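The values are calculated or read from the model by the stated rules, or taken from the named source; none is laboratory data. In this text, all values refer to a predicted model and were calculated from it rather than measured experimentally. Neighbour counts run over all protein chains shown; Cβ positions are idealised from the backbone, glycine included.
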Amino acid sequence: MLGHEIGSHTCTHPNLTLLPEAELERELVESRDFLKGLLNKEINTFAYPYTAYNEKVKNVVHKYYDVSRGGGYLYVGINVANRYRVQFCSLYTYYWLLLKGYFSKHEMDNSVIVLHDEKPLKVNILMSLAKLTSPRTEFIPVSEMAKILQNVEN
C-alpha cells in the first residue's frame, strides 16, 4: 500500500479532553466502525483531533486502537513508541525539505516523518524523488513504524 494506512480521527472532530467518557467512547467506536464497514478491514490507528489528549483520553483510545498519534508522539498501547519527536508534515513541506537538501545534509537514521492527507499520484512522485536523493528512505504504515520504534526502545 505504498506506506498508506487509513486511521480514525473521530466522527465530529471534538476536543476529546472536554468530552464525558460515554461521548468519548461513542466518537471512537462509531468512527472506527464506519471506516471498517467502508473499507472492509480493521482500523487500528487513531490520530487525536487538535493533538489534544490526556491520560484519560489515551487510556480510552487504546481500548479500541493499537496505535495513536498526537503532538508529535506515537503510542503503541499507552506507551510512547519513540525517543525522537515524529515530524508530521504535508507533502509540500516534505518536498520543500527535499529540495533544500535537508535529507542529504542531516543524519536521518533517527528521524521519522509522517505524511498525511495526500493524493496517491503526488506520493508516488515524492517516493521516486526521495529514493533518488536518499536511497534508504522507507515508506511504511504508521502502525508498522510505531511497532518498530517501540522494539528499538526495548
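For the stretch 22-43, residues that are among the polar types (S, T, N, Q) and closer than 11 Å to C11 by Cα total 1.
A count restricted to the stretch 43-58 and to residues that are exposed (fewer than 12 other Cβ atoms within 10 Å of the Cβ) and within 19 Å of S143 (Cβ to Cβ) stands at 0.
Scanning the stretch 51-63 for residues that are farther than 22 Å from M145 by Cα and not in a helix (DSSP H, G or I) yields one hit, N54.
Screening the stretch 16-50 for residues that are in a loop (DSSP other than H, G, I, E, B) and more than 18 Å from the chain's Cα centre (by Cα) and picking the one that is modelled with the lowest pLDDT gives N40.
Scanning the stretch 37-49 for residues that are out of contact with any Ser or Thr (no Cβ under 9 Å at 6 or more places or on another chain) and either under 19 Å from Y75 (Cα atoms) or not aliphatic (A, V, I, L, M) (or both) yields G37, N40, K41, E42.
Take the conditions in a helix (DSSP H, G or I), over 18 Å from D66 (Cα atoms) and of a type in the set (S, T, N, Q) and apply them to T12. Does it pass? Judged against the criteria, T12 is not a match. Considering only residues that are touching a Gly at 6+ places or on another chain (Cβ under 9 Å), without any contact (Cβ under 8 Å) to a residue 60 or more places away in the chain and not aliphatic (A, V, I, L, M), which ones fall in the stretch 33-70? If the condition is that a residue be touching a Gly at 6+ places or on another chain (Cβ under 9 Å), without any contact (Cβ under 8 Å) to a residue 60 or more places away in the chain and not aliphatic (A, V, I, L, M), then F46, Y48, P49, Y50, T51, Y53, K58, H62, Y65, S68 are the ones that fit. Whether any residue in the stretch 16-34 is closer than 18 Å to M145 by Cα, outside the structural domain of M145 (by TED's automatic domain parsing) and surrounded by fewer than 14 Cβ atoms within 10 Å (Cβ to Cβ) is what I want to check. Within the stretch 16-34 (the criterion being closer than 18 Å to M145 by Cα, outside the structural domain of M145 (by TED's automatic domain parsing) and surrounded by fewer than 14 Cβ atoms within 10 Å (Cβ to Cβ)), the answer is no, since none of the residues qualifies.
Of the residues in the stretch 51-66, not one is of a type in the set (G, A, S), within 11 Å of the chain's Cα centre (by Cα) and at pLDDT below 95.
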